[in-house]
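*Asks:* Sharing a structure, written as structure tokens. Questions coming.
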Amino acid sequence: PEPSKEELATFLETNSLPIGVESVDGYQQIYYLYDNIQVFITNGRINHTQPVVSGRNVAWVETIEGFPQIFLYDLVEKTKLQITQTGTNINPSISGNKIVWEGLDNGVQQVFYFDGYLLNQLSYNNISLRPKIKDNTAVFAQYTGEDGKPWRVISYDLTKLNEDDASQIIKEGY
């Protein structure tokens with residue numbers, strides 16, 4: 001049987017759950033393993049892919065009407081929140097209840113951020129890929145188009161989102 005809310009909350013205080021994807025009736029579904037029991041957290045005739053876990057939270061991509069959208073799920077409360085509503089959104093990374101991912105803005109891949117309450121765009125204009133997040137820092141690759149240094153790594157201190165973007169760059173070259 002599935003763990004109780006209390007058992008799961010206690011377990012997740014000091015442990016992480018393995019997350020996986022399995023095809024069920026031709027659609028990709030996400031599950032976690034608890035005490036060697038497979039517990040599905042998605043279902044239906046929709047593909048759910050790219051799961052990432054941090055503590056009690058799981059983020060994934062769910063394809064709705066042909067467009068990949070980002071979702072956040074609380075394993076203990078069993079609540080699901082749709083983060084994005086439009087466009088193509090892929091490659092989520094999660095830390096606690098904070099998520100970064102790639103999305104299209106005017107046909108160009110950009111990096112977006114959800115802080116648990118609000119959605120922000122972290123990059124503009126240049127192609128930005130492969131976002132990762134840990135605590136209050138997000139990093140991603142950004143195309144510059146410059147000879148010899150076509151890519152740079154951008155690092156954001158997410159507690160200073162409204163400050164000068166140029167101060168956020170920590171490493172160039174890729």
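*Asks:* I'd like to know if the stretch 87-94 contains one or more residues that are open to solvent by 60 Å² or more (accessible area, probe 1.4 Å), over 27 Å from PRO3 (Cβ atoms), of a type in the set (S, T, N, Q) and assigned to a loop (DSSP other than H, G, I, E, B).
*Replies:* No, because not a single residue in the stretch 87-94 is open to solvent by 60 Å² or more (accessible area, probe 1.4 Å), over 27 Å from PRO3 (Cβ atoms), of a type in the set (S, T, N, Q) and assigned to a loop (DSSP other than H, G, I, E, B).
*Asks:* Right, here's the next one. Just to be sure before I move on: is GLU2 open to solvent by 30 Å² or more (accessible area, probe 1.4 Å), in contact with a strand residue (DSSP E or B) (Cβ under 6 Å, 6 or more places away or on another chain) and in a loop (DSSP other than H, G, I, E, B) in the structure I sent?
*Replies:* Yes, satisfied.
*Asks:* Return the pairs, sorted by first residue and then second, in which the second residue is not in a strand (DSSP E or B), the first residue lies in the stretch 57-80 and is small (Gly, Ala, Ser), the beta carbons are less than 7 Å apart, and the residues are 6+ apart or on different chains.
*Replies:* Filtered contacts from the stretch 57-80: no entries.
*Asks:* Pairs, please: C-beta under 6 Å, at least 6 apart or cross-chain, first residue within 15 Å of TYR124 (Cβ to Cβ) and surrounded by 11 or more Cβ atoms within 10 Å (Cβ to Cβ) and in the stretch 152-171, second modelled with pLDDT under 65 and charged (D, E, K, R)?
*Replies:* Listed pairs, sorted by first residue: ARG152/GLU172.
*Asks:* Sticking with this one: Would you confirm, using the coordinates I've provided, whether PRO18 is within 12 Å of the chain's Cα centre (by Cα), on the phi < 0 side of the Ramachandran plot, of a type outside the set (A, V, I, L, M, F, W, C) and open to solvent by 30 Å² or more (accessible area, probe 1.4 Å)?
*Replies:* Criteria not met by PRO18.
*Asks:* Let me ask something else about it. Restricting to the stretch 95-118, give me the number of residues that are free of Cβ contacts under 8 Å to residues at least 24 places away in the same chain, under 18 Å from GLY55 (Cβ atoms) and open to solvent by less than 60 Å² (accessible area, probe 1.4 Å).
*Replies:* Of the residues in the stretch 95-118, 1 are free of Cβ contacts under 8 Å to residues at least 24 places away in the same chain, under 18 Å from GLY55 (Cβ atoms) and open to solvent by less than 60 Å² (accessible area, probe 1.4 Å).
*Asks:* If I filter the stretch 120-134 down to residues being open to solvent by 40 Å² or more (accessible area, probe 1.4 Å), in contact with a Ser or Thr (Cβ under 8 Å, 6 or more places away or on another chain) and modelled with pLDDT of 95 or more, which single residue comes out as nearest to THR88 (Cα to Cα)?
*Replies:* Looking at residues that are open to solvent by 40 Å² or more (accessible area, probe 1.4 Å), in contact with a Ser or Thr (Cβ under 8 Å, 6 or more places away or on another chain) and modelled with pLDDT of 95 or more, I get LYS132.
*Asks:* Would you check if VAL39 is part of a strand (DSSP E or B), among the aliphatic types (A, V, I, L, M), open to solvent by less than 50 Å² (accessible area, probe 1.4 Å) and over 26 Å from ARG130 (Cβ atoms)? Spell out the reasoning first.
*Replies:* Working: part of a strand (DSSP E or B): yes; among the aliphatic types (A, V, I, L, M): yes; open to solvent by less than 50 Å² (accessible area, probe 1.4 Å): yes; over 26 Å from ARG130 (Cβ atoms): yes.
It is true that VAL39 is part of a strand (DSSP E or B), among the aliphatic types (A, V, I, L, M), open to solvent by less than 50 Å² (accessible area, probe 1.4 Å) and over 26 Å from ARG130 (Cβ atoms).
*Asks:* Ok, one more. Which residues, counting only those in the stretch 148-161, are at pLDDT below 80 and either more than 25 Å from ALA59 (Cα to Cα) or in a strand (DSSP E or B) (or both)?
*Replies:* The answer is GLY148, and nothing else.
*Asks:* Does any residue in the stretch 7-18 that is in contact (Cβ under 8 Å) with a residue 40 or more places away in the chain and among the small types (Gly, Ala, Ser) come within less than 8 Å, Cβ to Cβ, of a residue that is open to solvent by 70 Å² or more (accessible area, probe 1.4 Å) and not in a helix (DSSP H, G or I) six or more places away or on a different chain, and which pairs are these?
*Replies:* Pairs that qualify, where the first residue is in contact (Cβ under 8 Å) with a residue 40 or more places away in the chain and among the small types (Gly, Ala, Ser) and the partner is open to solvent by 70 Å² or more (accessible area, probe 1.4 Å) and not in a helix (DSSP H, G or I), are ALA9/ARG56.
*Asks:* Separate question: Identify all residues within the stretch 55-103 that are basic (Lys, Arg) and over 10 Å from the mean Cα position of the chain (by Cα); write none if there are none.
*Replies:* ARG56, LYS78, LYS80
The values are calculated or read from the model by the stated rules, or taken from the named source; none is laboratory data. Just so you know, these numbers come straight off a predicted model, no measurement behind them. With ideal geometry, Cβ positions are generated from the backbone for all residues, glycine too; neighbour counts draw on all protein chains shown. Side chains are part of the model used for accessible areas, which takes the heavy atoms of the whole protein and leaves out ligands, DNA and RNA. Shrake-Rupley method; radii C 1.70, N 1.55, O 1.52, S 1.80 Å.
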